[in-house]
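**Q** Below: one structure in structure tokens.
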Amino acid sequence: MASIIVFDACVLHPAPVRDLLLRIAEAGLIQAKFSDDILDETFASILARRPDLSPERLARTRQMMCDALDDCLVTGYAGLADHIELPDEGDRHVVAAAIRCGAQAIVTTNVRDFPARALRPLELVAIHPDTFVLDLLDRAAEKVMAVVQAQTAALKNPPRARTDVLDMLTQCGLIQTSIELRRLYGLGG
């Protein structure tokens, strides 16, 4: 049974990381979960940074995300958030969603906002996406490499090379993942 992982809004914001993580879930390496609150936060952030994108286009992307993964939306967690202690109260809904769906981890770039002392009693961990994908590479390198290849092949406007995708992942903070993928693909440094 694949691990249940909740994605925080910050990892769903950058398109290359979002695409990689969702493809990893589609490949069956994990069960990806998020909530409407997480998606609201994600797409509000995208629109704030990219006002050139139409709300309709973003709504379509959001719907495609939900359609791509069976049972990815977590509901019924609102009452749990009131009892969670975190540095930022605005992050409590993420932990509440993780509790509700029985997740083992929250993938977030804001690991400090989810301290181990708060998550440990809940049997949860917060993990940076770079560390998360590296761990998957250790366990299933060929599958992750196939995911990256599919991600590369899907980019048609404009077409991209695998090295371009790895460069984009590096720019998004998946530095060690990109280094390891380059090594595995035999692309050098």
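**Q** May I ask you to list pairs of residues, at least six apart or on different chains, whose Cβ atoms are under 7 Å apart, with the first in segment 166-183 being outside the structural domain of residue 15 (by TED's automatic domain parsing) and the second being among the basic types (Lys, Arg)?
**A** 166/182
**Q** Here is a further query. Inspect segment 35-49 for any residue being touching a His at 6+ places or on another chain (Cβ under 9 Å), assigned by TED's automatic domain parsing to the domain that holds residue 8 and aliphatic (A, V, I, L, M) and give the result as yes or no.
**A** yes
The values are calculated or read from the model by the stated rules, or taken from the named source; none is laboratory data. Just so you know, these numbers come straight off a predicted model, no measurement behind them. FYI the Cβ positions are ideal-geometry reconstructions off the backbone, even for glycines, and counts take in every protein chain you see.
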